[in-house]
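The values are calculated or read from the model by the stated rules, or taken from the named source; none is laboratory data. As the structure is a prediction and not an experimental result, all values here were calculated from the model. Glycine also receives a Cβ, built like all others from the backbone with ideal geometry; neighbour counts cover every protein chain displayed. Just so you know, the surface numbers come from the protein's heavy atoms only, side chains and all, with ligands and any DNA or RNA stripped out. Shrake-Rupley method; radii C 1.70, N 1.55, O 1.52, S 1.80 Å.
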Amino acid sequence: MDHRLIARGLLTCLCTIQALVTLAIDLGRTHATNPLWARHARFHVVWQSIGTLLLCAFEVALVCWPGSQSEERFYLAVGLTLLPLLAFLVALAGMKMYGGALSDPNGMPRARVPVFGAVYYVDMNVVAVAAALFVLGGITIIYGH
């Protein structure tokens, strides 16, 4: 099988997962329908979720649409897939400036990870973004070879 076809399939899967997971989490009870969240914050998370869905649909269309300039469309889709991940990292880096937090007490709990008798708590948003960056890098490498 052609390595570029594999990379396009993997990118399509990553974009689809990015859209579906965002919708599942952000439109659920810990976010958009959480009665403890400010109504304006719930509006913003729904807005962001719909924007992510539309962006991911556009990325999939760029990758799957037949015709000329498929290489350019592939790399544009990679760049667009990268944008929300970079935005997360910028928001993460600036959390102290705006008093942000990765989770709320009534939201998605951090994962409890025991390691050799010690217990660490890991935010799954950070894990998901790191994994997506790693996978996106791998997809780009596969496509380029």
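The table for this structure:
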{"read-out": "Among residues of segment 6-42, those that are in a helix (DSSP H, G or I), touching a residue at least 40 places away in the same chain (Cβ under 8 Å) and aliphatic (A, V, I, L, M), counted", "value": "7"}
{"read-out": "Near pairs, Cβ below 9 angstrom, 6+ apart or cross-chain, from segment 126-145 (in contact (Cβ under 8 Å) with a residue 24 or more places away in the chain) to any residue that is of a type in the set (Asp, Glu)", "value": "Tyr143/Glu71"}
{"read-out": "Residue, nearest to Leu54 (Cα to Cα), within segment 69-92, restricted to residues that are open to solvent by 90 Å² or more (accessible area, probe 1.4 Å) and in a helix (DSSP H, G or I)", "value": "Leu83"}
{"read-out": "Some residue of segment 59-68 being in contact with a Pro (Cβ under 7 Å, 6 or more places away or on another chain), in a helix (DSSP H, G or I) and surrounded by 11 or more Cβ atoms within 10 Å (Cβ to Cβ)", "value": "no"}
{"read-out": "Answer from Ile25, Ile17 - the residue that is out of contact with any Ser or Thr (no Cβ under 6 Å at 6 or more places or on another chain), β-branched (Val, Ile, Thr) and open to solvent by less than 60 Å² (accessible area, probe 1.4 Å)", "value": "Ile25"}
{"read-out": "When residues of segment 107-121 are limited to those that are open to solvent by 50 Å² or more (accessible area, probe 1.4 Å) and among the aliphatic types (A, V, I, L, M), the one farthest from Leu10 (Cα to Cα)", "value": "Val119"}
{"read-out": "Criterion violated by Leu53 - all others in (1) within 15 Å of the chain's Cα centre (by Cα); (2) closer than 19 Å to Asp123 by Cβ; (3) without any contact (Cβ under 8 Å) to a residue 60 or more places away in the chain satisfied", "value": "(2)"}
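Yes or no, residue by residue, for (1) of a type outside the set (S, T, N, Q); (2) at pLDDT below 95; (3) touching a Ser or Thr at 6+ places or on another chain (Cβ under 7 Å):
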residue	(1), (2), (3)
Ala38	yes, yes, no
Leu55	yes, no, no
Gln69	no, no, no
Tyr75	yes, no, no
Val90	yes, no, no
Met108	yes, yes, yes
